[in-house]
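K.L.:
Just dropping this structure here.
Nothing in this text is a laboratory measurement; each read-out follows from the coordinates by a stated rule. Just so you know, these numbers come straight off a predicted model, no measurement behind them. Cβ sites come from the backbone with ideal geometry, for glycine too, and all protein chains shown count toward neighbours.
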Amino acid sequence: MNATVSEMWDDLNQAFVISGEAGHDIAAREALLDRAMGEGRRRKSSEKLRRGRMPSAGLAFAARDENGALVGTVRLWDIRAGRGASGAHVPALLLGPLAVDPAAEGLGIGSALMRHAIGEAARLGHGAILLVGDPEYYARFGFSGEKVAALAMPGPVERRRFLALELKPGHLDGAQGILTPSGRRAVSEQQALRLTA
């Protein structure tokens with residue numbers, strides 16, 4: 001599903017379109033992530049949940065400028081958010097990385113990608129999205145640390161930056177434990193590197 005958000009920027013003569021990520025986006029996405037996030041991006045705790053996995057079906061998005069160049073990216077990944085009160089695994093999504101080309105910052109691309117990703121995750125019936133990020137930015141989309149008090153990432157993380165948004169009220173009630181990956185495995189090592197880097 002494509003969403004055109006260019007009407008937001010008509011007065012600035014700037015436009016971008018959000019669509020599903022395509023196979024030919026790999027090199028451009030990797031270069032964008034390197035520019036936006038630096039070399040340390042592969043050492044983050046959230047990478048342990050993405051490594052060797054594919055993004056959740058239908059939940060990898062690209063923002064392109066009016067020339068078709070990739071200017072933003074976001075992906076969501078299938079995870080288990082610990083176990084619930086019944087002892088069953090709690091399915092959820094992990095968002096990230098969200099990145100915008102530094103040359104295109106301040107145009108609303110990151111916000112548009114977030115709204116699109118949240119909307120699509122809800123449309124597909126997912127119950128919650130978790131992420132590690134600045135609460136000052138993500139609070140505007142409804143994320144908070146309230147529902148993750150009894151959950152943990154599989155590595156070090158600054159606690160105040162561990163956030164969640166319930167798409168279905170009560171989905172994370174009683175969830176506790178360490179987040180684990182549950183998404184589709186990449187079919188080859190090369191595909192895994194391309195999809196999780």
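K.L.:
Assuming R0 = 22 Å, what is the FRET efficiency of Ala57 and Glu30, from their Cβ-Cβ distance, to the nearest 0.05? Don't jump to the answer; show the numbers that get you there.
P.N.:
Numbers: r = 22 Å, r/R0 = 0.98.
The value I calculate is 0.55.
K.L.:
Next up: By how many nm would the segment from Glu66 to Val187 grow when fully extended, if each residue of separation counts as 0.36 nm and the alpha-carbon distance is taken off?
P.N.:
Contour length minus Cα-Cα distance gives 40.2 nm.
K.L.:
For the chain, take the alpha-carbon Rg, divide it by the Kirkwood Rh, and send me Rg/Rh. All intermediate terms of the calculation are to be shown ahead of the outcome.
P.N.:
Working: Rg = 16.3 Å, Rh = 17.1 Å.
Rounded to two decimals, Rg/Rh equals 0.96.
K.L.:
Follow-up question, since we're still on this one. Along the stretch 170-176, what does the Karplus equation 6.51 cos²θ - 1.76 cosθ + 1.60 (θ = phi - 60°) give for ³J(HN,Hα), rounded to whole Hz, x for Gly and Pro?
P.N.:
Running phi through 6.51 cos²θ - 1.76 cosθ + 1.60 with θ = phi - 60° gives x, 4, 9, 4, x, 5, 8 Hz.
K.L.:
If you stretched the chain out fully between Glu39 and Ala122, how much longer would it get, using 0.36 nm times the residue separation minus the C-alpha to C-alpha distance?
P.N.:
Numbers: separation 83, 0.36 × 83 = 29.88 nm, distance 3.22 nm.
Here the segment from Glu39 to Ala122 would lengthen by 26.7 nm.
K.L.:
Between Phe141 and Glu105, what's the calculated FRET efficiency when r is the beta-carbon distance and R0 is 22 Å? Round to 0.05. Before the final figure, lay out the partial values.
P.N.:
Working: r = 18 Å, r/R0 = 0.80.
FRET efficiency, Phe141 to Glu105: 0.80.
K.L.:
Return one quarter of the surface area of the convex hull spanned by the alpha-carbon atoms of the stretch 51-110, equal to its mean projected area, in nm².
P.N.:
Numbers: hull surface 23.3 nm².
Spelled out: convex hull of the Cα atoms, projected over all directions, averaged, 5.8 nm².
K.L.:
What net charge is computed for the residues neighbouring Val90, neighbours being all others with C-beta under 13 Å from the C-beta of Val90, Lys and Arg scored +1, Asp and Glu -1?
P.N.:
Values: positive: Arg80, Arg83, Lys147, Lys168; negative: Asp78, Glu166, Asp173.
That sum, taken over residues with Cβ under 13 Å, equals +1.
K.L.:
Return a whole-number percent for the relative contact order of the chain, with Cα pairs under 8 Å and 6 or more residues apart as the contact set. Intermediate results must be reported in sequence, preceding the final value.
P.N.:
Details: 384 pairs, mean separation 50.2, N = 197.
Dividing the mean separation by the residue count of the chain yields 25 percent.
K.L.:
While we're here: What distance in nm separates the simple spin-label points at Ile178 and Glu158, each placed 7 Å from Cα in the Cβ direction?
P.N.:
Using points 7 Å along Cα→Cβ, the separation is 2.3 nm.
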